[in-house]
Amino acid sequence: MGVDEPFYTYLTCYTVLAAQHDPRATRVLQTAYTLLESYAGHIYDEHLRHSFWENVAVHRMIQQAYATTISSLEATG
């Protein structure tokens, strides 16, 4: 199992919960994003950190979902 396995799990859980309009979806996404930020914070080389975020599909999908969710929450609240 690769290091990205938990992120696929987080993304799948988020997707299922969001499809059901379950309020836990946002918490799951926040947890995944916070964990990714934590991992990225340990990558001191800027190029490698950028690669971590952009070149790993599941990382990019979580980042995009998080940005969309935060924008929606800010617009409604």
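Each value in this text was obtained by applying a stated rule to the coordinates, not by laboratory testing. This structure is a prediction, so every number in the text was calculated from the model and none was measured. Note: ideal-geometry Cβ built from the backbone for every residue, glycine included; neighbour counts use all protein chains shown.
Candidates in the range 60-77 are the residues that are exposed (fewer than 11 other Cβ atoms within 10 Å of the Cβ) and not small (Gly, Ala, Ser); of these, the one that is farthest from VAL28 (Cα to Cα) is THR76.
For the range 26-43, the set of residues classified as closer than 15 Å to THR9 by Cβ and touching a residue at least 40 places away in the same chain (Cβ under 8 Å) consists of LEU29 only.
Close Cβ contacts (under 7 Å, 6 or more residues apart or on different chains) running from residues in the range 53-74 that are outside any helix (DSSP H, G or I) to residues that are surrounded by 11 or more Cβ atoms within 10 Å (Cβ to Cβ) comprise VAL56/ASP4. For the range 5-53, the tally of residues that are touching a helix residue (DSSP H, G or I) at 6+ places or on another chain (Cβ under 6 Å), exposed (fewer than 15 other Cβ atoms within 10 Å of the Cβ), charged (D, E, K, R) and over 18 Å from ILE70 (Cβ atoms) stands at 0. ALA57 - would you say it is surrounded by 14 or more Cβ atoms within 10 Å (Cβ to Cβ) and either of a type in the set (Val, Ile, Thr) or under 14 Å from the mean Cα position of the chain (by Cα) (or both)? Here the answer is no, as ALA57 does not meet what is asked.
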